[in-house]
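Nothing in this text is a laboratory measurement; each read-out follows from the coordinates by a stated rule. Please read all numbers here as calculations on a predicted model, not as lab measurements.
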Amino acid sequence: MANVSSLDDRAKASFDFAKESTKQIITLATGIIALTITFQKDILSSGQIPAEAKFYAPLSWLFFLLSVIFGLWTLLALAGTLDPKSPGQPSIYGKNIIIPSIIEILCFVIGLGLTVWYGFLALS
């Protein structure tokens, strides 16, 4: 049975980098949600923004929220994998970590793309 103290330095570093990357995406996603919601009255109620563009801001919030949820799932999976009671050698490449991590990143990228597209349409 492996635990955190039995991991070599590279394995410990990989878990630390995975954790920090996940936390960074969560921070960025929540920051973008907070910033755009704070100014949503100015953004969405402006008469100068085309109606089709107004659809993309709330849709981007949904994808950022999903990114946060899957990021939290990833952090919990990382912690569970390092549990001393977990069988086998801990790895960041387990399906329990990879699947929510990939979904987190995809949702973040989609949310970011929708935000940029909204900005492009709003400025056109």
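Any chance you could give the angle, 0 to 90 degrees and rounded to 10, that helix 9-38 forms with the longest Cα principal axis of the chain? The helix 9-38 is inclined about 20 degrees to the chain.
Helix 56-81: angle to the longest alpha-carbon principal axis of the chain, degrees 0 to 90, nearest 10? Tilt of helix 56-81: around 10 degrees. Treating the angle as unsigned and between 0 and 90°, give the value, to the nearest 10°, between the Cα long axis of helix 95-123 and the longest Cα principal axis of the chain. Between the helix axis and the principal axis of the chain, the angle is about 20 degrees.
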